[in-house]
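Some notes on the structure that comes next.
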Amino acid sequence: MTEIERALAEKLLALADDELILAHRNSEWTGHAPILEEDIALANIAQDELGHAMLYYELHCALAGGTPDRLAFFREAADFRNVQLVELPKGDWAFTMLRQYLFDAYELALLAQLTHSAHRPLAEVAAKVRNEELYHYKHTGAWVRRLGLGTEESHCRMQTALNELWPYTAQLFTPGADEEVLVKAGITPPPAEVREAWAAKVLPWLEAANLSIPLAPTVTLRRAEHTPHLTRLLAEMQSVARSDPAAEW
Amino acid sequence: MDTQWPRWEVFKQDDPQQPHRSIGTVHAPDAEMALLIARDVHVRRPDCASLWVARADCITALTAEEIAADPNWHIENIPPDAPMQLYLIFQKTSQRRAMTYVAHVGDVEARSPREALRLAMERFGTNKVFVWWAVPAGAITRSEAGVEASWFAPAREKKYKQQSEYGDVGGLRAKVRRNL
Amino acid sequence: MDNTYAQKLAEFEARIARGEKIEPGDWMPEEYRRQLIRMISQHAHSEIVGMLPEGAWITSAPSLRRKLILIAKVQDEAGHGQYLYHAAETLGITREEMLEALLTGRAKYSSIFNYPTLTWADVGMIGWLVDGAAIKNQTMLAHCSYGPYSRAMVRICAEEAFHQKQGKEMIVKYASGTPAQRAMAQDALNRWWWPSLMMFGPHDADSPNSPQLIRWGIKTKTNDELRQEFVDEMVPEFHAIGLQIPDPDLKFDPATGHWRIGPIDWEHFWQVVKGNGPMNAERLAARRKAHEEGRWVREALAAYAARMA
């Protein structure tokens with residue numbers, strides 16, 4: 001692989017891992033959501049994200065070999081490239097909706113540029129993903145507003161969730177080791193620009209939901225660093241697949 | 001008080017050549033959520049071009065049987081200053097196909113729901129109409145134009161939900177029967 | 001019973017005999033309404049509780065495709081519960097009332113969902129066997145005389161077809177897979193075969209409701225008829241992939257072309273129906289917990305809507 005291909009393969013893995021881990025967290029709500037209709041709605045988001053993960057994994061494997069299933073079920077936590085934001089446990093409904101909202105907004109900001117990527121296959125996948133993300137964003141935006149403004153309890157839970165989640169958002173915009181290579185090649189946008197577009201959306205929306213943005217130190221972590229939550233998540237997620245590694249399911 | 005939220009009737013238009021049809025309800029707290037939820041609950045598979053929702057308690061419904069049982073059904077005191085409103089009229093016109101319930105047939109202006117139904121019966125006729133609905137236009141929330149790609153197209157992509165993705169279940173049975 | 005009532009009842013039964021649908025707002029005997037509310041709400045509860053046995057395996061589904069399919073399947077079950085609660089609501093009962101009955105243990109639901117899912121292969125077996133049995137019942141109910149229930153069933157049948165097919169795809173694959181997979185598939189069949197047969201309900205002789213339900217177009221086939229159809233379809237399919245039916249008395253009767261099964265353990269069935277199945281308490285507790293923990297959410301959105309109105 002060339003230097004650009006190596007960098008791109010790493011980036012695609014990160015995009016895929018984000019979607020897979022977030023889809024997994026969302027799927028934990030199946031059968032336990034606050035109301036039947038929302039069980040159905042969150043399951044839709046989880047399916048979309050899993051679909052996105054599979055698309056990004058395919059693009060990665062086209063460059064680096066391997067298969068999506070082997071990547072998902074046979075890597076150790078240290079080899080995953082998702083942000084820590086998505087591996088945190090699902091928490092309460094406020095936490096899940098707010099995390100989803102913050103991530104959806106990031107995806108939209110990123111995808112707006114990725115649809116113009118110099119890497120054609122990525123631009124095509126980005127267009128497809130973006131359509132579904134537009135809908136997710138409407139859905140989670142509506143929830144954030146309503147929970148922020150609803151009752152004292154819902155507001156309190158939302159503020160607590162925001163206080164916990166906000167520091168983790170910085171990692172979404174932390175440049176990877178080879179980010180410059182991709183930016184120069186017009187394959188991915190500069191992370192700082194994505195952050196600016198993201199902030200322009202979320203800051204006014206959170207404010208309108210009566211939520212205060214915490215003053216938190218921005219800890220910039222590389223995507224190879226994970227919390228113990230990921231190890232536990234993978235232990236469950238990979239358990240059946242690893243019980244019979246030669247099997248096809 | 002903890003409730004399951006009010007009920008909203010959902011109307012789906014499969015393609016632009018078809019009328020909007022009643023396909024069920026959703027429980028939702030407000031109109032915007034009702035529309036989003038209606039898409040998630042009722043458009044999990046193709047096809048959909050447009051979605052409407054209206055709070056169930058805004059709808060006036062009458063069956064042909066109810067009308068026949070009470071010839072004075074339309075008699076009411078309408079206040080003299082009652083404003084004219086636009087009502088959307090829906091009819092059920094078939095007994096045969098199990099999937100058919102009420103579909104949008106047209107609109108009338110009237111000062112009350114019952115007057116709207118009476119005018120609709122005059123305009124559209126009552127022959128072979130089994131159920132009538134009148135819905136105030138102002139009570140309907142509609143999906144926006146131009147949202148096809150993000151609202152409705154994704155359902156088409158999810159082919160793994162279609163039985164055709166899984167090969168022939170019947171094939172094995174037929175093969176086994178031939179061998180008996 | 002006065003003349004007016006007798007007349008109305010005769011007209012009502014004539015409409016059904018003509019194949020007309022009874023719609024919300026039409027006259028109906030109280031007993032018809034009562035039976036339908038009972039049947040439909042039980043059916044809805046079954047779908048909702050039924051999300052849990054398979055839903056538990058989403059987080060360890062062994063391939064991305066299986067994970068995706070399982071999320072979609074469990075989502076469908078929620079959707080089916082939604083359509084059915086809606087049909088019951090048209091008869092005058094509220095969702096709050098139905099949920100209250102379920103969560104306090106008063107309402108019944110299909111006893112099949114009180115069994116544990118012990119291995120990944122159970123997911124495939126539930127799809128093929130349990131959903132297969134459900135489809136037989138649902139296909140019949142699609143002809144039901146009550147409009148909203150019949151329409152819900154048509155929609156459910158269309159969506160359920162993929163449930164059975166994806167389950168079959170899994171089991172067929174595992175039956176000719178690794179030794180561990182083959183053993184897993186056989187073990188799943190051993191545990192799910194009899195509960196699936198019991199899904200069709202008691203023998204006809206022990207089903208008091210059936211004759212009236214048939215006269216009112218709510219049922220069109222008897223329990224035993226459906227059960228026999230199911231057995232005749234499924235036995236050859238399992239044999240064809242090398243799996244054994246866990247019934248030492250199973251015998252093919254060449255005179256009738258039917259597969260005759262051994263005796264059903266009804267004692268066990270009634271225990272499970274009464275709520276003493278292995279997973280009853282746990283599954284209801286899970287639904288109760290979700291409901292309780294969701295209270296602040298429902299209240300928050302209601303409060304927001306009230307202020308915006």
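The values are calculated or read from the model by the stated rules, or taken from the named source; none is laboratory data. Values in this document were obtained by computation on a predicted structure and should not be read as measured data. Cβ coordinates were reconstructed from backbone atoms using ideal geometry, including for glycine residues, and neighbour counts include every protein chain displayed. In case anyone asks, the SASA skips ligands and DNA or RNA and just uses the protein heavy atoms, side chains included. Shrake-Rupley method; radii C 1.70, N 1.55, O 1.52, S 1.80 Å.
Brief remarks on what is shown
- Residues of segment A:147-190 satisfying the condition of being open to solvent by less than 10 Å² (accessible area, probe 1.4 Å), touching a residue at least 40 places away in the same chain (Cβ under 8 Å) and more than 22 Å from A:ASP18 (Cβ to Cβ): A:LEU147, A:GLY148, A:SER154, A:MET158
- Evaluated against (1) open to solvent by less than 10 Å² (accessible area, probe 1.4 Å); (2) closer than 13 Å to C:GLU47 by Cβ, C:ALA133 falls short on exactly one condition, (2).
- Enumerated helices (runs of 4 or more DSSP H) restricted to segment C:166-268, each holding at least 2 residues that are of a type in the set (Asp, Glu) and within 25 Å of C:ASN114 (Cβ to Cβ): C:223-240
- Members of segment C:13-47 found to be open to solvent by less than 10 Å² (accessible area, probe 1.4 Å), at the interface with another protein chain (Cβ under 7 Å from one of its Cβ atoms) and not acidic (Asp, Glu), listed by number: none
- Within segment B:31-61, if we keep just the residues that are open to solvent by 20 Å² or more (accessible area, probe 1.4 Å) and of a type in the set (D, E, K, R), the residue that is nearest to the chain's Cα centre (by Cα) turns out to be B:ARG55.
- Segment C:172-189 residues that are touching a residue at least 40 places away in the same chain (Cβ under 8 Å) and more than 11 Å from chain A (Cβ to nearest Cβ), paired with ones that are part of a helix (DSSP H, G or I) and open to solvent by 60 Å² or more (accessible area, probe 1.4 Å) (beta carbon under 7 Å, 6 or more apart): C:ALA175/C:ARG182
- Residue list for segment C:245-266, restricted to those being in contact with a strand residue (DSSP E or B) (Cβ under 7 Å, 6 or more places away or on another chain) and open to solvent by 70 Å² or more (accessible area, probe 1.4 Å): C:LYS251, C:PHE252, C:ARG260
- Of all residues making up segment A:116-125, the number that are over 12 Å from A:LYS11 (Cβ atoms) and open to solvent by less than 40 Å² (accessible area, probe 1.4 Å): 2
- Residue list for segment A:215-249, filter: of a type in the set (Asp, Glu) and either touching a residue at least 60 places away in the same chain (Cβ under 8 Å) or open to solvent by less than 50 Å² (accessible area, probe 1.4 Å) (or both): A:GLU225, A:ASP244
- Yes/no for C:GLY242 being at positive phi, open to solvent by less than 60 Å² (accessible area, probe 1.4 Å) and not hydrophobic (A, V, I, L, M, F, W, C): yes
- Scan of segment C:136-147 for residues that are more than 8 Å from chain B (Cβ to nearest Cβ) and open to solvent by 10 Å² or more (accessible area, probe 1.4 Å), ordered by number: C:LYS136, C:ASN137, C:THR139, C:MET140
- The set of residues from segment C:71-91 being more than 13 Å from C:ILE48 (Cα to Cα), more than 9 Å from every other protein chain (Cβ to nearest Cβ) and part of a helix (DSSP H, G or I) comprises just one member, C:ALA88.
- C:ALA56 vs. criteria at pLDDT 95 or above and open to solvent by 60 Å² or more (accessible area, probe 1.4 Å): yes
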